[in-house]
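The values are calculated or read from the model by the stated rules, or taken from the named source; none is laboratory data. These numbers were taken from a predicted model, which means no experiment stands behind them. Heads up, the Cβs are rebuilt from the backbone with ideal geometry, glycines too, and the neighbour counts pull from every protein chain shown.
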Amino acid sequence: MSTPSIEFAGHKFQPQLCGALYWQSENTLIVSDLHFEKASHFARHGNFIPPYDSFETVNKLKKTCDRLTPKRLILLGDVFHDQYGYQRMAEQARSIFDTIISGHELIWIDGNHDRGHAPENVVVHEKVDIAGIVFTHIATDNPMCEISGHYHPCHIMVHKGHKMRRPCFIFNEKKIIMPAFGTLTGHLECGSPAIRSIIPDPHFAVLGTNRILMK
């Protein structure tokens, strides 16, 4: 089965079932909205959630990096659910994450949850332009081509009379909005006004059970 791709700004990007985007010609892996330590954030506020989200997310990221062996890694913001998430990570999860980010050419984009906080020696960017494509956390009305995250888009599908919400990439000729990579994240339906104001006539790459569904 051939790998589906998104033609964007004169380049080819391959959406991955895990929610990452691979830019093969640049050997670059792009992920957004990992939201590490979301469970511990809620626990601090009296809402207990089993604290396994960071382990699951960081192991998924490691497997993806091991499989695709990218040279460059772009993190599109909200890497942590709050500005103290890195300090709360369990030692094993933090060690895996540190190994990942130190082993790649890293571009760390600031998110509205991170608020400029990152591990020591990591340079935080508001946005970065590579080959005429702007990488940022939240999409803008800038006419330049942008790849962003923030909205955690999902597509509603009907199967045997039942509605299913599936994470997806949503895109047109100027914008790509990434799905959330984290294992403990909510989703915003692609028909919501916030998303449609950015991409009124979208295409979708939906994360199916075992393949990407292009719509």
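Does N121 satisfy the criteria of being more than 30 Å from S197 (Cα to Cα), in a helix (DSSP H, G or I) and among the polar types (S, T, N, Q)? Give the derivation first.
On the way: more than 30 Å from S197 (Cα to Cα): yes; in a helix (DSSP H, G or I): no; among the polar types (S, T, N, Q): yes.
Here the answer is no, as N121 does not meet what is asked.
Can you name every residue in the range 183-215 that is farther than 27 Å from N142 by Cα and either of a type in the set (G, A, S) or exposed (fewer than 15 other Cβ atoms within 10 Å of the Cβ) (or both)?
Within the range 183-215, G208, T209, N210, R211 meet the criteria.
Identify, please: which residue in the range 155-210 is basic (K, R) and in contact (Cβ under 8 Å) with a residue 24 or more places away in the chain and is, among those, farthest from Y22 (Cα to Cα)? Outline the logic, then answer.
Taking the range 155-210 as the starting set, the residues that turn out to be basic (K, R) are 160, 163, 165-166, 174-175, 196.
Retained after the next criterion (residues that are in contact (Cβ under 8 Å) with a residue 24 or more places away in the chain): 165-166, 174-175.
Numbers: R165: 23, R166: 20, K174: 18, K175: 16 Å.
If we take residues in the range 155-210 being basic (K, R) and in contact (Cβ under 8 Å) with a residue 24 or more places away in the chain, then R165 is farthest from Y22 (Cα to Cα).
Closer than 26 Å to Q83 by Cα, out of contact with any Cys (no Cβ under 6 Å at 6 or more places or on another chain), touching a residue at least 24 places away in the same chain (Cβ under 8 Å) and surrounded by fewer than 12 Cβ atoms within 10 Å (Cβ to Cβ) - does that describe any residue in the range 120-130?
no
Before we move on, is H137 without any contact (Cβ under 8 Å) to a residue 60 or more places away in the chain, on the phi < 0 side of the Ramachandran plot and not β-branched (V, I, T)?
Taking the combined requirement at face value, the residue does not satisfy it.
For a quick check of your reading: which strands (runs of 3 or more DSSP E) sit entirely within the range 130-215 and have at least 3 residues that are aliphatic (A, V, I, L, M)?
So the answer is 153-159, 203-207, 212-214.
Has the range 77-93 got at least one residue that is in a strand (DSSP E or B), in contact with a Leu (Cβ under 6 Å, 6 or more places away or on another chain), modelled with pLDDT of 95 or more and buried (at least 22 other Cβ atoms within 10 Å of the Cβ)?
So far as the range 77-93 goes, no, none of its residues is in a strand (DSSP E or B), in contact with a Leu (Cβ under 6 Å, 6 or more places away or on another chain), modelled with pLDDT of 95 or more and buried (at least 22 other Cβ atoms within 10 Å of the Cβ).
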